[in-house]
Every structure is written in structure tokens, then in C-alpha cells.
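Here is the structure we will look at.
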Amino acid sequence: MTGKNCVITGANAGLGYETAKAMALRGANVMMVCRNEAKGKRALIELVQASGNQNIYLQTADLSSQKDIKAAAEKIRERFAIVDVLVNNAGTWISNLTFTEDNIEKMFAVNHLAYFYLSHLLYPAIARAADGRIVSVASDSHFQGKMNFEDLYLTKKYHGLRAYAQSKLANILFTYELDRIKPNDNVSTYAVQPGLVKTDIGVKHTNWLHAFAWKVRRSGGVTPDIGAKTQIYLSTADEVKDQSGKYWDKCKPKKSSKRTYVEADAQRLWKISKELCKIDDFFKDSL
């Protein structure tokens, strides 16, 4: 990975931090995309000290905001003309129905549309890489997910678990559709199941009951350095170059839910995502 350019969202903590650390230790140029500037700066300093790698950079962005995502992508491409690896890692879990400044349900916006939009904005730079990779962190929660196309934001019956499962299903539908229609053979795309990981995702924007339940549940999980192994593997391993468009768990591909293989749903989600992000052509440079 020496000299390769890696972009990682949610890189100040948890899975993202461990992924950024692994890339830095391997000699990559690392762009950390973080919402909170202070936390991002602290993490950057720690990563430089831990890796001895000075080529680590910070770009702040609120991934619920399409304006922020676009501004961040512009800055990233100013720094990196070529992006070898994009890890769509940042995610959120919210108890109550919440809308973004773009009037989109927030979990759908952060967990799916941010993946879609940032991948679009960085795609020209990824396509310039000899071996460009887009790694999207999904979850086995998608097995409980359903695309509620008639009420995508679940306004009639919102529940955080339903919204989260739908967003993780969307991650895999996005990965599979991107693999089917991408025009560049040198670009690969993967979806990842990190497993149950001891992170704070379930306590930041949740009510007391959901926060308590998550604290109990995560006690049986693995540490972030273990949970990040598969996304690190897919970002770095030579042997996965010809295995684009698959769902991975414990560094091996596995079957995802039956709903992820419904191409009509993937195409419908792709069309809706383009409309919500105001994209005419996903593969056309819009910066």
C-alpha cells in the first residue's frame, strides 16, 4: 500500500480508526473523513504517532449533508488526483424519525446516500487507479431489512431497527448494482459484514432504552481492531481483485439475503438515489 491513496469515512473512532491505522502502517497516504474536527485532529495525531506516517490528512464533513459531502470531495480530489481505496465506513443509528437539511430521513441519508454520493464524486479519481476499490460497510442486519419504496423514510411506522436494516440492505443493493453497471474493469466494489463490534453507534442518537439495549448487546461483540479485519483485507489484498460485487464476512465471501439479489429493486434504488442526490450520470465527473 506504500504510496497509495486511501479515503476512509468515520475514521476518528471504531472501525474507521482501525482501518485508517492499518493503511497508515502499510505506508498509504490516508485521508480521514470525520464529522467532528476536534475528534478528528486528536485521532490524526494518534495515528501519526502510532504509525510514524506523516501522510495522514483530515477532512471534516457532515455526511448527512449533501453540500458538505460535495465540498469534502472537492478537497479530497485536490489532495488526491487518484484514489486507490474508498472505504464507506461511517454510519449512524437513530431512535426517532429525523430529517436532514436535504429533507431526507437521516439514517437513510448517512448510511446509504452518503456512500452513494461520495462514491459518485470520487469515482473519476478511483477509475484512474490501476486497482481502484470501493469498500462499503454493511451488516447482517440487512437480513431483517426490506426496501419500503412506497414509504422510504418509514414515516407511517418508523422504528430505528427497521430504518437501520433498510439502510444496510441498501448498502448491498448499491454494491451489487455498481458492480453490474460500472464501466471500468479496474474498479472493484465490495460490501462488508464486520460483525457485532464494541462501538458507540447505538448510544449517540438513541433514547435511553435503545442505548441500554445496545450497551448490553455490544458486550458480546468483538473489539474494533478485530471487526475491521475484513474491510482492511478487501482494501489491501491482491487476491480479491477479481472478486468484485460480493458480500464478505471474516475475509470470505458469503451469501447475502434473497432481497439483495432482486435486480429490479437494485435498479429502482439506484434511480431513486440518483434523483435524491441530483445526479444525471453516476459515472460522469460532476465536480
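Per residue, what volume in Å³ does the Cα convex hull of the chain take up? For the chain, the hull spanned by Cα atoms encloses 117 Å³ per residue.
A helix-only calculation puts the chain at -12500 deg cm²/dmol for mean residue ellipticity at 222 nm, using -39500 (n - 2.57) for each DSSP H run of at least four residues, averaged over all residues.
Residue order for LYS271, LYS146, LYS21, fewest other beta carbons within 10 angstrom first, comes to LYS271, LYS146, LYS21.
Residue exposure proxy: HIS159, HIS142, ordered by other Cβ atoms within 10 angstrom of their Cβ from fewest to most, comes out as HIS159, HIS142. With Cα atoms as the point set, the radius of gyration and Dmax of region 223-268 evaluate to 12.9, 37 Å.
Under a plain spin-label model, where a point goes 7 Å from the Cα along Cα-to-Cβ, how far apart in nm are SER141 and ASP238? About 3.7 nm separates the two model spin labels. When the chain is treated as a GNM with alpha-carbon contacts under 10 Å, the residue of ILE272, ILE104, ILE82 showing the greatest mean-square fluctuation is ILE272. Neighbour counts of C-beta atoms inside 10 Å place CYS6, CYS251, CYS277 in the sequence CYS251, CYS277, CYS6, starting with the fewest.
Each value in this text was obtained by applying a stated rule to the coordinates, not by laboratory testing. Just so you know, these numbers come straight off a predicted model, no measurement behind them. No Cβ is skipped: glycine too gets one built from the backbone with ideal geometry, and neighbour counts run over all protein chains shown.
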